[in-house]
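Comments concern the structure below.
The values are calculated or read from the model by the stated rules, or taken from the named source; none is laboratory data. Keep in mind the model is a prediction, meaning the values are calculated, not measured. No Cβ is skipped: glycine too gets one built from the backbone with ideal geometry, and neighbour counts run over all protein chains shown. What goes into the accessible areas is simple: the full protein's heavy atoms, side chains included, and nothing from ligands, DNA or RNA. Shrake-Rupley method; radii C 1.70, N 1.55, O 1.52, S 1.80 Å.
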Amino acid sequence: MQLTVVVENQTSSQNLLAEWGYSAWLQTDDAVILLDTGGIQHTLQHNLTALGLNARRITDLVLSHGHFDHTSGVMDVLRLAPHARVWADAKRASGGGSMLAGLAFSPIDPFVEIAPGVTAFTVPATERDPRWVCTRHMFERTDSGEIVPDTFADDVSLLVQTEKGASVLLGCAHAGLPNILRYASRTF
């Protein structure tokens, strides 16, 4: 198993681009999973090349949530790996705007094994202690058009089984790290 952070807001290598965004490459014996796609569209593609990672090998793209800094490279991934399954929470893929509208998502509600040993999951609202969910200055529009604090109903994490036990791979952890870890511990 190999985990490589592809996009992050800082880098120690002059060969890589840093940006306000995130993407991680998880390679198992059975799959190549990309968690998120970064924030400025072609940073992902540049960094994959610089790291020697072949985007055409991506079997699954998991969106941790729909905010632009995690989804702006989606079109690059779909162009380079059109066969990749796209996984997202079925309830909502917020923040991606028209770019995400109409994409065929494989649903995560509340969890699904996307590859052997890799489970994508959301934390149901009933399992979230509101003290750990930060909604300050983040909003969403309801179906009726009302603007309300963002519930982050679409926040997805990955549970990865390794030889040494389970690990949790996160995007922004908008559902709250204590909530995510407690839910993962109880459920898996």
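Observations, loosely collected:
- Scanning the stretch 143-169 for residues that are out of contact with any helix residue (DSSP H, G or I) (no Cβ under 7 Å at 6 or more places or on another chain), closer than 25 Å to D30 by Cα and hydrophobic (A, V, I, L, M, F, W, C) gives V156, L158, V160, A166, L169.
- Residues that are modelled with pLDDT of 90 or more and not polar (S, T, N, Q), drawn from the stretch 37-50: G38, L44, H46, L48, A50
- Unique match (being modelled with pLDDT of 95 or more and either in a loop (DSSP other than H, G, I, E, B) or of a type in the set (G, A, S) (or both)) among L34, L61, L53: L53
- Taken together, the residues in the stretch 40-50 that are open to solvent by 20 Å² or more (accessible area, probe 1.4 Å) and either polar (S, T, N, Q) or part of a helix (DSSP H, G or I) (or both) amount to 6.
Residue by residue, here is whether (1) basic (K, R); (2) under 22 Å from D150 (Cα atoms); (3) surrounded by 20 or more Cβ atoms within 10 Å (Cβ to Cβ) holds:
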{"residue": "L16", "(1), (2), (3)": "no, no, no"}
{"residue": "Q27", "(1), (2), (3)": "no, no, no"}
{"residue": "S64", "(1), (2), (3)": "no, yes, yes"}
{"residue": "R85", "(1), (2), (3)": "yes, no, no"}
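- S167 vs. criteria open to solvent by less than 50 Å² (accessible area, probe 1.4 Å) and not in a loop (DSSP other than H, G, I, E, B): no
- Meets criteria (surrounded by fewer than 20 Cβ atoms within 10 Å (Cβ to Cβ) and out of contact with any His (no Cβ under 6 Å at 6 or more places or on another chain)) for I33: no
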